[in-house]
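Here the structure comes first, spelled out in structure tokens, and everything after it is commentary.
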Amino acid sequence: MRGDRAGAPKIAPIREGARVGGSGGPWPLPGRAAALTVVTAVLCALGLAVGTAGAGGAGARADVPAPDPCGPAWVTAWQAAAQPAPADPALDGATLRMVVRPQATGSQVRVRLSNAYGSGPLAVGAVSAARSDGGSGLLRGTARPVTFGGRAAVVVPAGADAVSDPVPLVAEAGRPLAVSIFLPVAPEVVTQHPVALQTSYLSRPGDFTLTDPGRAFETTLHSWLVLTGVDVMAPRPVNAVVAVGDSITDGVGGGVDADERWSDALAERLTAAGGATAMAVLNAGISGNRLLGTNPPVTGPPPLRRFDRDVLDAHGATDVVLHIGTNDIARGRGAEEIVAGLRRFAEHARGAGARVFLTTITPSTTGAHGTPAAVAAREAVNAWVRAHGHEHADGVFDFAAAVADPADPGRLAPAYDSGDGLHLSAAGYRALADAVDPALLTGSPCLADTSPARIVVANR
């Protein structure tokens, strides 16, 4: 729910739970040993360049204009919900190349590295950001070193994040970026998102952050490790809706590298609508996640406990869609407990200034999710969401009705079933996205002006 203006300082003290580094001011271009790209974001309608938003506020001179609320701003373009896992010894002295697809376009990027669940300090020897070729390679001439407080290396304390200095690199919505991270020493516990459904890469020993020897990256990964966020400097502020939930939000059942999560389908809808309807859609799903109780590490903390990290720390996040509860039901939790948990989450989110939307729980006949007691609990929760959810949230989306078999509403429609009776197919995830009413979302008011704002790239 943060929206930094261009040039705002972004350096946090090094302490547990804090972010390390991250200046919002202009980032000096690297040396001229290679053909470098000078990136300028031009806001045609307002005649502003990135980094030139006026200074205002208390004590400002009368002849200095106040900051334009629709001027350039940092927005979170991609993020992943984090959880801990024992680190693979192969990380020792190797380079990670994490591939992500941003949801917003901008002229600079910042990356967030996380040691939130580390048992000790995380040493990072070097980091780079580049345009990805879609595999392990980098597009020629796009690799940029990433620094933290002006330094190439950073040590992230246990429980902390590190936010980088700005990097002059054009990021385009939907086009892959590669963030390469050299780890001199493997940590005992690594902060990661295990179900990425996106191929990333691990190198043989060595620092390959600024080079592109594809043969060095011999191992494929399907988790995002250490990297938990990418911000971009957008010419106009872009708001975001955060999808919070379990494996159904995580996209289990969809294809690898296919971007078939319901959050991806919703992003496509909002982008296609354009104008003020457009928003980034950030995914904060964790497979196995539960609404209630203290979840074990493999399923991550419950949504309320991770709300600050997944929602408040996302620049531009204004809306939250919560889809969760099926794992609680499978664990024997009753409808009254789940309803109380939904109410607590909605009230907390609204108290923090977010618009929050509740959803019904999608049907299942699989194992503990489909026992008579589970079916009864799900039906009771869904009846409450439909009848009373509006009293506690800003809206309700009926996900269950969107994917249920009309002939047997207690199960998924065959076309929407991935094959396990619980998780959805690509068509099922699109049906969930179609159940979201864009008119209820905040949108991005600064995008209502349809005059072009473009990223201009000039080689020097």
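Where a number appears in this text, it was derived from the coordinates with a stated rule and is not lab data. Owing to the predicted nature of the structure, the values given are computational and were not obtained by experimental measurement. Ideal geometry is used to build each Cβ from the backbone, glycine not excepted, and the neighbour counts take in all protein chains shown.
Assign one of three labels to segment 401-442, namely rounded, prolate or oblate, based on the Cα gyration tensor with a ≥ b ≥ c the square roots of its eigenvalues; rounded applies when a/c is under 1.5, prolate when it is not and a/b is larger than b/c, and oblate otherwise.
Numbers: a/c = 3.22, a/b = 1.86, b/c = 1.73.
Since a/c reaches 1.5 and a/b is larger than b/c, the shape of segment 401-442 is classed as prolate.
Starting from the Cα-Cα distance between ALA439 and HIS390, subtract it from 0.36 nm times their residue separation and give me the gain in nm to one decimal.
Extra length from ALA439 to HIS390 when fully extended: 16.1 nm.
Is segment 223-262 best put as rounded, prolate or oblate by its Cα gyration tensor, with a ≥ b ≥ c the root eigenvalues, rounded for a/c under 1.5, and otherwise prolate when a/b is larger than b/c, oblate when not?
Judged from the Cα gyration tensor, segment 223-262 comes out prolate (a/c at least 1.5, a/b above b/c).
With +1 on each Lys and Arg Cβ and -1 on each Asp and Glu Cβ, how big is the dipole of segment 74-229 about its Cα centre, in debye rounded to the nearest 20? Spell out each step's value before the answer.
Details: 11 positive and 10 negative charges, 82 e Å.
Using only the charged Cβ atoms, the result is roughly 400 debye.
Calculate the dipole size of segment 224-353 relative to its Cα centre from +1 charges on Lys and Arg beta carbons and -1 charges on Asp and Glu beta carbons; express the result in debye to the nearest 20.
Around 380 debye, computed over segment 224-353.
By how many nm would the segment from ASP449 to VAL185 grow when fully extended, if each residue of separation counts as 0.36 nm and the alpha-carbon distance is taken off?
Using 0.36 nm per residue and subtracting the Cα-Cα distance, I get 90.1 nm.
Would you kindly derive the ³J(HN,Hα) couplings of segment 307-321 from the backbone phi angles with the Karplus curve 6.51 cos²θ - 1.76 cosθ + 1.60 (θ = phi - 60°), listing them in order in whole Hz, with x for Gly and Pro?
So the J values, rounded to whole Hz, are 4, 4, 5, 7, 10, 5, 7, 8, 5, x, 5, 10, 10, 9, 10.
Extending each Cα 7 Å along its Cβ direction at ALA373 and ASP408, get the distance between those two points in nm, one decimal.
Output for this residue pair reads 2.2 nm.
In percent, how large is the relative contact order of segment 143-188, given Cα pairs closer than 8 Å and 6 or more residues apart?
Working: 23 pairs, mean separation 15.3, N = 46.
Reported relative contact order: 33 percent.
If you add up the charges near ALA178, with Lys and Arg at +1 and Asp and Glu at -1, over every other residue whose beta carbon is less than 12 angstrom from its beta carbon, what do you get?
+3
Once the piece of chain linking THR220 and SER119 is laid out straight, how much longer is it, given 0.36 nm per residue of separation minus the C-alpha distance between them?
33.8 nm
Nearest 0.05, what FRET efficiency do ALA273 and LEU139 give at R0 = 30 Å with Cβ-Cβ as r? Numbers along the way, then the final one.
Numbers: r = 30 Å, r/R0 = 0.99.
Efficiency computed from Cβ-Cβ geometry: 0.50.
For THR365, enumerate residues with amide H under 5 Å from its amide H, sequence gap 5+ or separate chain, H modeled in the peptide plane.
Here the answer is LEU412, since their amide H atoms fall under 5 Å of that of THR365.
Relative to the Cα centre, what is the charge dipole magnitude of segment 239-443, using +1 at the beta carbon of each Lys and Arg, -1 at the beta carbon of each Asp and Glu, and rounding to the nearest 20 debye?
Dipole magnitude for segment 239-443 comes out near 480 debye.
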